[in-house]
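See structure below.
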């Protein structure tokens with residue numbers, strides 16, 4: 001077995017300890033005589049796993065009791081469409097803050113199901129900065145305000161939770177959930193595709209304030225209604241049991257590592273190390289994101305000469321680094337530094353980057 | 001490691017060879033230096049896996065070229081709602097054949113999105129038989145006819161594909177897909193939750209005729225449109241990569257075992273053995289399903305005295321059998337005999353049942 005340093009944007013690195021445990025018990029989980037994948041989600045063993053996983057997440061986040069946790073499917077993109085169906089009446093309106101490709105996609109999918117108003121956007125600045133809060137044109141009658149606290153493609157992150165008054169704040173936290181402590185009470189709804197900071201793809205974790213579940217339902221199938229899933233402990237039909245299980249192992253690992261405060265410090269160190277090398281490279285590497293909004297989770301950078309891109313990728317792959325190619329929408333490079341990426345991986349990467357710059361600078 | 005005989009209805013047994021391979025390469029898949037779960041779905045390695053998995057499924061089924069294969073999420077239940085959104089216009093009508101709990105649920109979810117007409121039902125007979133084809137009141141103007149070729153709860157199976165004329169036939173094959181050879185050309189759309197005969201839960205495999213994808217789209221988010229998923233090779237957003245991978249291992253295993261003809265024969269033997277013991281038990285065990293429609297995948301049975309149920313379950317669990325408790329809707333027992341359940345498991349079960357009857361009869 002050989003494990004490379006994995007900087008993929010998602011699906012992304014999982015904690016090695018989690019993978020080793022999943023491997024050890026893959027054919028016989030918890031003394032059941034079967035894989036966790038082979039057992040009924042309604043059986044006693046899996047129900048206990050499901051409940052314990054939710055409890056652990058609540059502990060990690062210090063989650064208030066008036067929030068429900070759902071384990072759903074479909075990726076964040078499906079919920080771009082489902083959130084307006086659940087939180088807004090037909091003909092209703094919602095506000096969107098657009099700071100990158102994913103929040104723009106959230107608007108375009110939502111627009112089929114709600115009047116999706118763009119209340120602020122930094123598109124004119126190529127999503128390299130956040131629109132200042134005082135320029136947001138919020139509608140006090142909106143059903144909710146949606147934003148993306150971390151945009152993975154540029155690596156653009158809100159480091160504070162915006163104040164939007166009494167309108168519920170909805171956040172797509174796919175790429176930064178559990179990366180640092182979080183005040184859940186500031187949100188109406190938080191959702192995250194699991195494949196960055198929680199587990200494998202195919203699972204969505206949603207945290208939703210109970211009063212939002214009580215909004216009058218639209219005439220849509222029950223399977224699409226969050227309130228029905230909440231009333232059925234996310235088992236209105238068969239959930240992604242493997243994803244739920246791995247999420248539980250990851251939450252346990254987070255707790256064993258010291259919890260979200262430790263993760264937040266570690267992620268701050270990892271990203272500071274990488275930005276430091278970029279900023280001190282005399283322009284060999286460059287990151288153009290507004291300093292105050294640089295992401296701790298996704299660090300994008302370009303080489304001073306894009307003719308070196310292919311060589312950087314070939315040499316980095318040969319040196320045992322995975323997933324450094326930037327998103328096709330912006331090119332260049334990107335290193336994603338989710339919780340499961342160890343500090344040693346970032347140390348190895350910055351050494352490689354220094355050597356590459358020395359050789360080709 | 002101890003592996004029990006697993007007769008769970010779903011999530012259900014997976015082939016042991018598949019689990020062993022997944023275990024061996026869990027931390028380093030295919031020389032990639034990472035788990036298959038940790039790699040981008042858009043990377044070269046996973047794209048090759050995805051394409052090879054589809055090709056293998058096409059080979060197994062001898063699938064005509066004018067069908068697309070989709071790897072989706074949400075379980076069959078989500079597609080109860082999505083199928084009418086995709087195949088019927090707003091205000092349109094579709095015919096449903098109701099032969100059990102799942103086809104009834106398909107109607108109730110679809111009814112939010114289409115005029116879902118019940119064209120035939122065996123509910124008055126407690127879903128112990130199939131409604132005779134000549135009694136179906138099909139609407140020639142329906143957008144499609146939906147049925148459930150195998151109902152898992154009672155264990156009720158269509159052994160022939162019904163002729164519904166020119167209206168596209170839509171089948172929820174969650175519990176019998178790949179259990180025997182299948183003439184795909186008779187169908188407009190086939191879909192199946194993976195967690196019975198394909199892989200882990202959280203994956204839906206859909207086979208859809210191209211002309212149905214060309215029907216005018218409703219104003220729903222792109223992520224909910226099958227045509228968009230087809231145009232994007234099921235990667236409109238991040239798919240369930242682990243499920244896709246395990247489906248591929250299962251399809252390879254099916255091919256190595258000899259393909260669907262071999263599976264069909266094996267499943268016929270397995271179910272015949274179990275029904276034989278039930279029918280020859282002098283009423284100690286009983287299966288009340290119409291003989292011609294008994295399922296080869298799910299064999300339900302009751303004990304002559306329901307006071308023995310708890311003892312049967314306790315003793316069978318102690319003897320190393322998993323998942324024999326019948327669905328709560330009907331009680332009694334059920335043994336699911338999907339492809340991954342070996343003949344040796346059924347032989348062990350019938351021996352246990354004979355012994356139990358001798359002891360308590």
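Every read-out reported here was derived from the displayed coordinates using simple, explicitly stated rules and does not represent laboratory data. Only a predicted model underlies this, so the values are computations on that prediction, with no experimental measurement involved. Note: ideal-geometry Cβ built from the backbone for every residue, glycine included; neighbour counts use all protein chains shown.
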Taking beta carbons within 10 Å but only from partner chains, what does the mean come to for residues A:28-34? 5
Nm distances between copies for residue B:269, ranked from closest, using label points 7 Å along Cα→Cβ: 6.0
GNM top mover of B:332, B:43, B:92 - chain B, alpha-carbon springs below 10 Å: B:43
Would you mind computing, in nm to one decimal, how far apart the modelled labels at residue A:2 and residue A:66 are, each placed 7 Å from Cα along Cα→Cβ? 5.6 nm
Considering only the label points, 7 Å along Cα→Cβ from Cα, what distances in nm to one decimal separate residue B:185 from the same position in each other copy, shortest first? 6.7
Could you tell me the distance between the Cα centroids of the stretch A:99-148 and the stretch B:1-75, to the nearest Å? 38 Å
Between residue A:279 and residue A:210, what is the label-point separation in nm under the 7 Å Cα-to-beta-carbon projection? 4.5 nm
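Over the whole of B:72-81, what's the average partner chain Cβ count within 10 Å per residue? Rounded to a whole number, please. Could the numbers behind the result be given before it?
On the way: counts 3, 10, 9, 7, 3, 7, 9, 1, 4, 5.
What the average comes to for B:72-81 is 6.
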How would the stretch B:111-241 be classified by its alpha-carbon gyration tensor: rounded, prolate or oblate, with rounded meaning a/c under 1.5 and the a/b versus b/c comparison settling the rest? oblate
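Could you tell me which of rounded, prolate or oblate describes the stretch B:258-361, using a ≥ b ≥ c as the square roots of the eigenvalues of the alpha-carbon gyration tensor, with rounded for a/c under 1.5 and, failing that, prolate when a/b is larger than b/c and oblate otherwise? Don't jump to the answer; show the numbers that get you there.
Numbers: a/c = 1.74, a/b = 1.50, b/c = 1.16.
Prolate, since a/c reaches 1.5 and a/b exceeds b/c.
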Mind checking A:217-225 for the average number of partner chain beta-carbons within 10 Å of each residue's beta-carbon? 6
log10 I(q)/I(0) for the protein assembly as shown, Debye formula on C-alpha points only (no solvent), q = 0.10, 0.11, 0.12 Å⁻¹, two decimals, reads -0.99, -1.18, -1.36
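May I ask you to order B:353-359, B:200-206 by the average number of other C-beta atoms within 10 Å around their residues, highest value first? Kindly include the intermediate steps, with their values, before the conclusion.
Working: B:353-359: 16.0, B:200-206: 27.3.
The packing order, highest mean first, is B:200-206, B:353-359.
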Once you put a point 7 Å from the Cα of residue B:42 and another 7 Å from the Cα of residue A:347, both along the Cβ direction, what distance in nm separates them? 3.3 nm
Say a paramagnetic label sat at a point 7 Å from the Cα of residue B:268, along Cα to Cβ; which residues of the stretch B:280-323 have their backbone N under 19 Å from it? B:291-299
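Go through A:285-297, B:125-137, B:94-106 and give me the packing order, highest mean Cβ count within 10 Å leading. If you can, show how the numbers build up before the last one.
Numbers: A:285-297: 19.0, B:125-137: 14.4, B:94-106: 23.6.
The peptides rank, most packed first, as B:94-106, A:285-297, B:125-137.
Working out 0.36 nm times the residue gap between residue A:135 and residue A:309, then minus their Cα-Cα distance, what length gain in nm do you get to one decimal? Spell out each step's value before the answer.
Numbers: separation 174, 0.36 × 174 = 62.64 nm, distance 3.72 nm.
That pair, residue A:135 and residue A:309, stretches by 58.9 nm at full extension.
Compute the normalised compactness of chain A: alpha-carbon radius of gyration over 2.2 N^0.38 Å, N being the residue count.
Details: Rg = 20.8 Å, N = 361, 2.2 N^0.38 = 20.6 Å.
With N residues counted in chain A, Rg over 2.2 N^0.38 Å equals 1.01.
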Everything considered on the Cα gyration tensor (a ≥ b ≥ c; rounded for a/c under 1.5, else prolate if a/b is larger than b/c, else oblate), the stretch A:180-221 must be described as oblate
At q = 0.11 Å⁻¹, what log₁₀ I(q)/I(0) does a Debye calculation on the Cα points of the stretch B:1-149 give, no solvent, two decimals? -0.68
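May I ask you to compute the full-extension gain from residue A:184 to residue A:21, defined as 0.36 nm times their residue separation minus their alpha-carbon distance, rounded to one decimal in nm?
Working: separation 163, 0.36 × 163 = 58.68 nm, distance 2.99 nm.
Contour length minus Cα-Cα distance gives 55.7 nm.
Pull up the DSSP beta bridges for the stretch A:89-175 and report the antiparallel fraction as a percent, rounded to 5. Can you show the working numbers first?
Working: 2 of 13 bridges.
Bridges in the stretch A:89-175 that DSSP calls antiparallel: roughly 15 percent.
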So in chain B, what percent of DSSP beta bridges are antiparallel if you round to the nearest 5? 55 percent
Per-residue counts of other Cβ atoms within 10 Å, averaged by peptide: what ranking do you get for A:109-121, B:74-86, highest first? B:74-86, A:109-121
The stretch A:51-201: antiparallel DSSP beta bridges as a percent of all, rounded to 5: 10 percent
When the convex hull of its Cα atoms is projected in every direction, mean area for the stretch B:1-74 (nm²): 7.3 nm²
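Between residue A:232 and residue B:360, what FRET efficiency comes out of the Förster formula 1/(1 + (r/R0)^6) with R0 = 41 Å and r the beta carbon distance, rounded to 0.05? Please report the intermediate quantities before stating the final value.
Working: r = 37 Å, r/R0 = 0.89.
E(calc), rounded to 0.05, equals 0.65.
For the stretch A:61-110, which semi-axes, largest first and in whole Å, follow from the square roots of 5 times the eigenvalues of its Cα gyration tensor? Write out the running numbers ahead of the final one.
Numbers: eigenvalues 91, 45, 31 Å².
With the √(5λ) rule applied to the stretch A:61-110, the semi-axes are 21, 15, 12 Å.
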Label position 7 Å from Cα toward Cβ: report the copy-to-copy distances for residue A:160 in nm, one decimal, ordered from shortest. 7.4
